[in-house]
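Following this message is one structure expressed as structure tokens.
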Amino acid sequence: MPSPFPGMDPYLEGEMWQEFHATLANALRAQVLAALPPRYTALLAKRYVLDYHPTDPRRQKDRVIYPDIHVATIHEAVPTYATAAAAKVVPPIAPVPMISPYTETVPQISIEIHDVARRRLVTLIEILSPANKEGQGAADYDRRRHELLERELHLLELDLLRGCQRITLWGDWPPAAYYVYLSRAQDRPITDLWPIGLREPLPTVPVPLLEPDPDVSLDLQAAVNACFDLVHYERLLDYAALPPPPGLTPEDAAWVGERLIATGLRPSPPHSG
């Protein structure tokens, strides 16, 4: 079955994201290849970055609080005058579960459009991930982005994550859940921005090529739908739980629940009376 949502599925923003990221990159590449003129090709480019494990507190900013004072239960010592029998019933000291922070290497997959004859990179399509939207990863991506903008290439960035940092742009940001950014080489420093609401289908956006070749259209919603058709994420995502952070507004949470009930992925609440 297709995604239960008309646009992006907010439940993909958790532990399933890395798998979806790779599947989406392949779906986008296939769509671009089918539309490109013969002089171009589209290649998948993979680089590796360090990311915090999903259980790491640094990836759980919305759910983990570090207290200033730690309160622990202390087991009373057995008095010296206690009998041997009484000492035997003293419960063992329970271990305190903690989290060992560690990082893992995760791939970041982008789509490169090349002019075959000139062996030149023309357009780069980036799919942003938590690894390049948080902390040091966001700073590293910002540096990489500035280096790309100094080159004669087009940069199309897909930010299909509601949380974490946005890229640096000057201007009044329209409120939205997701964004698409397009920086054409000849239009620097202007970046076109598409705001996308949680309840809206993903748009079809242009992929620029070398002049005078016309843009190629990239249907983002069709690519996401193709991912669901291939992998059936609706079988893997826990729609009975709340979506991964950040939290939804009460209105959006109610809408999400209604969508899941209407598509049979969440049972209807029992009727009172």
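Looking at region 203-232, which of its residues are within 16 Å of LEU193 (Cα to Cα) and free of Cβ contacts under 8 Å to residues at least 40 places away in the same chain?
PRO203, THR204, PRO206
If you don't mind, there's one more thing I want to ask. Go through region 205-241 and give me each residue that's of a type in the set (A, V, I, L, M, F, W, C), within 19 Å of LEU160 (Cβ to Cβ) and out of contact with any Asp or Glu (no Cβ under 9 Å at 6 or more places or on another chain).
LEU218, LEU220, ALA222, ALA223, ALA226, CYS227, LEU230
Are any of the residues in region 6-21 touching a Cys at 6+ places or on another chain (Cβ under 7 Å), at pLDDT 75 or above and not in a loop (DSSP other than H, G, I, E, B)?
Checked region 6-21: at least one residue is touching a Cys at 6+ places or on another chain (Cβ under 7 Å), at pLDDT 75 or above and not in a loop (DSSP other than H, G, I, E, B).
Check ALA86 against each of (1) modelled with pLDDT under 95; (2) outside any helix (DSSP H, G or I) and name the one condition it does not meet.
(2)
Of the conditions (1) within 24 Å of LEU43 (Cβ to Cβ); (2) at pLDDT 95 or above; (3) touching a helix residue (DSSP H, G or I) at 6+ places or on another chain (Cβ under 8 Å); (4) of a type outside the set (Lys, Arg), ALA185 clears all except one; give me its number.
(3)
Out of region 170-198, which residues are exposed (fewer than 14 other Cβ atoms within 10 Å of the Cβ) and of a type outside the set (Val, Ile, Thr)?
Hits for region 170-198 are TRP170, GLY171, ASP172, TRP173, PRO174, PRO175, GLN186, ASP187, ARG188, PRO189, ASP192.
Would you mind telling me which numbered condition in (1) within 20 Å of the chain's Cα centre (by Cα); (2) modelled with pLDDT of 95 or more HIS154 fails?
HIS154 satisfies every listed condition except (1).
Taking region 31-60 on its own, how many of its residues are at pLDDT 90 or above and over 16 Å from LEU156 (Cβ atoms)?
Matching residues across region 31-60 total 5.
Moving on. Is it fair to say ARG235 is of a type in the set (Lys, Arg) and over 28 Å from VAL205 (Cα atoms)?
When the stated conditions are applied, ARG235 passes them.
Continuing with this model, one more query. Specify the residue that is surrounded by the fewest Cβ atoms within 10 Å (Cβ to Cβ); the eligible residues are those in region 214-229 that are of a type in the set (Asp, Glu) and closer than 16 Å to LEU156 by Cβ.
Filtering first and then ranking leaves ASP215.
Further question: Starting from region 15-35, keep only residues that are within 20 Å of PRO244 (Cα to Cα), then list their pairs with residues that are among the basic types (Lys, Arg) and buried (at least 19 other Cβ atoms within 10 Å of the Cβ) whose Cβ atoms are within a distance under 8 Å, requiring at least 6 positions of separation or different chains.
none
The values are calculated or read from the model by the stated rules, or taken from the named source; none is laboratory data. Please read these numbers as outputs of a predicted model, since none were measured by experiment. Counting neighbours? That spans all protein chains shown, and the Cβs are built from the backbone with ideal geometry, glycine included.
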